[in-house]
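Readers should treat all values here as calculations from the given coordinates under stated rules, not as data from a laboratory. Since the model is a prediction, treat every value here as computed from it, not as a measurement. Counting neighbours? That spans all protein chains shown, and the Cβs are built from the backbone with ideal geometry, glycine included.
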Amino acid sequence: MQRFVDHVLAVTKESVKTLTYESLNNFVRFINGVSALLLTLLPGNATILEGIHGWELRPTFRAPRLPRWMENGVSSFNHFVHQLSLDSDVSSLDYSSADEDTDAYDEYADSPSSQNSRTSTSSFSDYGRHRHINCFRYILLWILLPIQFLLRIPFRLFHLAYSAVSKPPAISANQHPSNSHSHYNRMQSLKDHMIHRATDRRRGVVEDLHMAMEIFIEAVFDVVHNAVHLLLSPSEALGKLFRLFSSHERGIVSDQVVGDATVSSSTLGENDPTPRERNTSFRQPLNTDARTCQDVITELGYPFEAIHVITKDGYVLLLERIPRRDASKAVFLQHGVFDSSMGWVSNGIVGSPAFAAYDQGYDVFLGNFRGLVSREHVNKNISSRAYWQYSINEHGTEDIPALIEKIHQVKTAELKLSKPGVEEESNGDQLYKLCAICHSLGGASMIMYVVTRRIEAKPHRLSRLVLLSPAGFHHDSNLVFSVVEHVLFLLAPILSRIFPAFYIPTRFFRMLVNKLARDLQNLPAVGGLVQTLVGYVVGGDSSNWVGVLGLPHYNMNDMPGVSFGVALHLAQIKRTRRFRMFDYGSAYANVREYGSPEPLDLGEHYGLINIPVDLVAGQKDRVIRPSMVKRHYKLMKDAGVHASYNEYEYAHLDFTFSHREELLSYVMSRLLLVEPNSKNQVNQRAARWRKKGQV
């Protein structure tokens, strides 16, 4: 009778799973179909999306296939529970690929110690007590997520609530205290592992919903199964209940407790069956894709160095480096708004400017502006309002000076070590040549840096500038930007108090955005519709906006933001039609800051720029139109600056995010125009230095 009940429940459970799974799939297909219909009705979508890598709107016909969990003839959740029951699973996971979901449940071989605990795929009879607990832990996790969001419970309380459920069992008296601590750490590692498997390595929200439905159905049928067995065999149920309570009272910790991250495994056929310990660490629970620029660089086999730089006003900046310590030529890359150093390496070895420069023999430095959700500052208790209180002025007069001075210190010290007897000349002749490649807001900040350093009679350390679609002039823009400009000016006193910066404020929402971006990439029509609508908002710009949202620096732990002061500064530039420093709103404040009632007009001081400048514009760029880049070029040429201008058929984000060989070739050709200090010149300077020492 029990076997018959098991079979009935198993068939019913798989039928309910298939029904819910296909219902969700049909709903997703419906949304995708409606999006495709809307996409065909919107004008201009073909030209906007055509040529974007990874976007294909033509339908692809595939043969019918079983649901993912039935591809191997068994529910993936049964595999999932089974893997959690094996000790080796906790420490054997590899999250190196985002496409591991299909085969994730079949990639672990059994060890002799685990064969006795294999879960039957045809009945419920071998489910252990810890598996039941795991199911309810997952249900509690998924229940608490929306409750935490709706009720605005602090995330710390959410973790405390979860950890209360996943508290490690009692340790028996004969166990060593260090073992107790190690066991607790392993339980914490399991918690991270469980959260990762439930939320992190799905392809998006849709995949999370698939897993959540499986978990819920498993939990419900497990309760029904236990209730039926209790009715059919009450004596056996009472015996199990008695053994359960007696084991709790004795404090015995089973060898098969889920969460033991230290694996004792031996493989058949090995000469040495000695158990081996394999440890793993889960750095970021509930994260979506927390890869950093360091991860991308090192995974591709390049060297990496991270340098923390502190500005004069206390902001902690991250200067990342692909080092060539003995190179006498260096390049500094500075990102734009809502971006980070990730943009310069996101296309891998072939299409990324950072790797192209390194392969050409350059020492590569990647700058990062202030403005992260994590609020890196020397004052760990700085308030959000105080942290975000800055404009483009601080980017150009605080951030870039601190970064470039740090580069100068590092390069000078390293070259002195590699070339003994060489000293920097008193006239400012450096031991290295430094070029800068800047995009968007980074270009405007770099121009501000050079002009202000020249006004202050300080060296700017640069030999050439390559500015890709630089900001600074914005009066030729679309209607949406004009509306934003007026709103910022009219409501600035109110908005500045409510929104000190523009970013996604909570970890839950940041996780959701990252997962939705992944869904948009997996659903061509929905992603194409969002891509088209965003393109309309920015005046028809055809950049791959959805693809950029999927970059790892938009994750739940940290992401770049834009302060209200930066947005207001851009609105001031647009309204005045001049590239000026920030207007503090009164003549008194401006006099105190600049020595004049009006902010410093940078365009009027372009004659101070004493290095070559290469300006590049995008013909399809609707964020910073070519006419605005030409404005920079005209002012520079009128001021006698050695400037060049070039246009490519690019949109705004194509300069960093898209793989463009012609752009890389052009940028590298500009850098090669700067000749590094020859060995003969270095030896001459060394001889002069030695001669001075003898005198």
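Numbers at a glance
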quantity: Cα-based shape type of region 576-617, given that a ≥ b ≥ c are square roots of the gyration tensor eigenvalues and the cut on a/c is 1.5; calculated: prolate
quantity: Quotient of C-alpha Rg and 2.2 N^0.38 Å, computed over region 386-485; calculated: 1.36
quantity: Exceeding the 28 Å Cα-Cα cut-off - candidates K411/K574; K380/K515; K312/K458; K312/K634; calculated: K411/K574; K380/K515; K312/K634
quantity: Proximal charge balance of S383 [Cβ under 14 Å; K/R count +1, D/E count -1]; calculated: +4
quantity: Semi-axis lengths, Å, region 299-415, gyration tensor of Cα atoms, sqrt of 5 times eigenvalues; calculated: 26, 16, 12
quantity: Neighbourhood net charge (9 Å Cβ-Cβ; Lys/Arg +1, Asp/Glu -1) for G367; calculated: -2
